[in-house]
1. Applying the selection to the stretch 360-369, what residues are surrounded by 17 or more Cβ atoms within 10 Å (Cβ to Cβ) and either assigned to a helix (DSSP H, G or I) or within 12 Å of ligand 4 (Cβ to nearest atom) (or both)?
2. Name every residue in the stretch 228-245 that is part of a helix (DSSP H, G or I) and more than 24 Å from residue 338 (Cα to Cα), in order of residue number.
3. Residue 338 - would you say it is under 30 Å from residue 109 (Cβ atoms) and in contact with a helix residue (DSSP H, G or I) (Cβ under 6 Å, 6 or more places away or on another chain)?
4. Can you tell me which of 248, 252 is part of a helix (DSSP H, G or I), modelled with pLDDT of 95 or more, surrounded by fewer than 19 Cβ atoms within 10 Å (Cβ to Cβ) and within 16 Å of ligand 5 (Cβ to nearest atom)?
5. Only one of these conditions is not met by residue 222: (1) surrounded by fewer than 19 Cβ atoms within 10 Å (Cβ to Cβ); (2) in a helix (DSSP H, G or I); (3) within 16 Å of ligand 5 (Cβ to nearest atom). Which number is it?
6. When residues of the stretch 95-121 are filtered for being in a helix (DSSP H, G or I), within 16 Å of ligand 1 (Cβ to nearest atom) and surrounded by fewer than 17 Cβ atoms within 10 Å (Cβ to Cβ), how many remain?
7. Filter the stretch 255-273 down to residues that are within 14 Å of ligand 2 (Cβ to nearest atom) and assigned to a loop (DSSP other than H, G, I, E, B) and give me whichever is nearest to residue 313 (Cα to Cα).
Ligand code: HEC
Ligand code: HEC
Ligand code: HEC
Ligand code: HEC
Ligand code: HEC
């Protein structure tokens, strides 16, 4: 075989080194591009300010987050969660579980109480609920609209002052003002993000008041290290979540602005009951210690059949989560409900806030290296057990109410029934706490079972006592 001509060798070598060079340059360029992508996640094409409640404008700068945010209008469904979307309105809870309606007799929730659905619907579902057939207060908008500019207007620039005045306005008055000012949007970018830095922040006065009360309490808060640190400081300033909370805490606090137990009527400003801590009993104690401005003992409604002064529980997701193993392990609401998606070198938080069981791969498998079907089975096992205990609780409450009715029919006096009505108040509060919480026990399974166990016990104690009268 003849040796190759030097020319051929040189050309081959040239091609080889040239390709290597090109490859190296391409790689370097790619790395640089990725790095700058990761550092400089976005280019600001338009300025956004505190008054920009329309998410569409923010979408020009942050199209990926905006596009996923829009998906909250999609209809989704799981065994126990994620309802509705395309149909006119989600299913009635009070028809599916008639004991709920019986429990709520005398209150607007016995008229209309439906499944929740995606964030896109929060304002229109509130505007359309038949609970508005009873007079409602402007405080309702705190959690159903991008309401901060309206608070500032009502308080001459001071949002907290504006907020404190809103319970005296009617829902319709406030809602008209919101529409006139052009802020009739569901929860929007500006409610969770600082428009200058895009950092997470909380805006809702109800939450800021409540987390300060909580910080000042004695309740142990291992799930909120920044509160524990503030407690050890000189406490010259009240606890400020926007300054002191870690990013991981903020990933739950933004949701705690709305997914909490509250009281909302024209009698007093909107209030979250956190002065003693976040456990079910701490909240109950807060309400038991509360009196109306009139001096009367606090209650949400008087039960139409029995006359008991009842506490109505509302979606305590933040509170129940705080009692579970996930919060204890530092897992935030957003870890499960807004998991990251990769997009090149950047990570984008999924703004399609929905049931994590529709998204197990990203919501759970980052931590649990178990087959997807197995994870779903574990979650559903928890939920099915909780559901079964909840239905037992429903049956127990109905039996208690029947026993009270029968005692009344026998001519037992209201005075003699007093201690039994206290048991009804305790039993209903506990049952409703888990019924109104939206994870069907998942956020803290053992705590949910404990609360339901107590609900059933109080209801049966009351029933036995009523039968003995
Ligand atoms: C470890 C994961 C995890 C964490 C952390 C978590 N959740 Fe959930 N959440 C779930 C699961 C699972 C469900 C049940 C979903 C279903 O039934 O389809 C759920 C259900 C819900 C629902 C009802 C959803 C629906 O589709 O009907 C709401 C609302 C909710 N969570 C809010 C919160 C809030 C607020 C926090 C933080 C305070 C939080 N969650 C923390 C996993 C989590
Ligand atoms: C401004 C108040 C507000 C904030 C802040 C908020 N939510 Fe909601 N959320 C609502 C309301 C109201 C609904 C029910 C809307 C309806 O049914 O029309 C809802 C519904 C949901 C649902 C049910 C979705 C479905 O498809 O059924 C989930 C899950 C949820 N929220 C989780 C979260 C998480 C997680 C956060 C924090 C990242 C959060 N929310 C922040 C008010 C809020
Ligand atoms: C502290 C925040 C907060 C306040 C105040 C609030 N809501 Fe809600 N609301 C929520 C959250 C969170 C949900 C979704 C979870 C659920 O449905 O349990 C919701 C769901 C709803 C729904 C859909 C499900 C249902 O219950 O039929 C309606 C309607 C509604 N709210 C009406 C009202 C009205 C009327 C008021 C005033 C009396 C009010 N809300 C005040 C947070 C709030
Ligand atoms: C209910 C609260 C909430 C609302 C409303 C909200 N976000 Fe976010 N957003 C979050 C959370 C939580 C993160 C994760 C932040 C972190 O971990 O530092 C996030 C992260 C981001 C980031 C940083 C990059 C990323 O994806 O993690 C951008 C940009 C962003 N959101 C844009 C938007 C835009 C645009 C809107 C309105 C269309 C919006 N957000 C509405 C809660 C919210
Ligand atoms: C950021 C990490 C993280 C994410 C995300 C996460 N988990 Fe967990 N999970 C944990 C940790 C930590 C524990 C506590 C047990 C342990 O230390 O191993 C736990 C415990 C559990 C348990 C047993 C405890 C109990 O409450 O009964 C179940 C079931 C569970 N996770 C399901 C889920 C599901 C379903 C999802 C998704 C919706 C999810 N987890 C998302 C970290 C996570």
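The values are calculated or read from the model by the stated rules, or taken from the named source; none is laboratory data. All of these numbers come straight from a predicted model, not from anything done at the bench. With ideal geometry, Cβ positions are generated from the backbone for all residues, glycine too; neighbour counts draw on all protein chains shown.
1. 360, 363 - these are the residues of the stretch 360-369 that are surrounded by 17 or more Cβ atoms within 10 Å (Cβ to Cβ) and either assigned to a helix (DSSP H, G or I) or within 12 Å of ligand 4 (Cβ to nearest atom) (or both).
2. 228, 229, 230, 231, 232
3. no
4. The unique qualifying residue is 248.
5. Only one criterion in (1) surrounded by fewer than 19 Cβ atoms within 10 Å (Cβ to Cβ); (2) in a helix (DSSP H, G or I); (3) within 16 Å of ligand 5 (Cβ to nearest atom) is unmet by residue 222, namely (2).
6. Qualifying residue count for the region: 1.
7. Applying the filter and picking the extreme gives 261.
Here is a yes/no grid of residues against (1) within 12 Å of ligand 1 (Cβ to nearest atom); (2) crowded, with 17+ Cβ neighbours inside 10 Å:
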{"site": "333", "(1), (2)": "yes, yes"}
{"site": "343", "(1), (2)": "no, no"}
{"site": "358", "(1), (2)": "yes, no"}
{"site": "371", "(1), (2)": "no, no"}
{"site": "374", "(1), (2)": "no, no"}
{"site": "380", "(1), (2)": "yes, yes"}
{"site": "385", "(1), (2)": "no, no"}
{"site": "394", "(1), (2)": "no, yes"}
{"site": "426", "(1), (2)": "no, yes"}
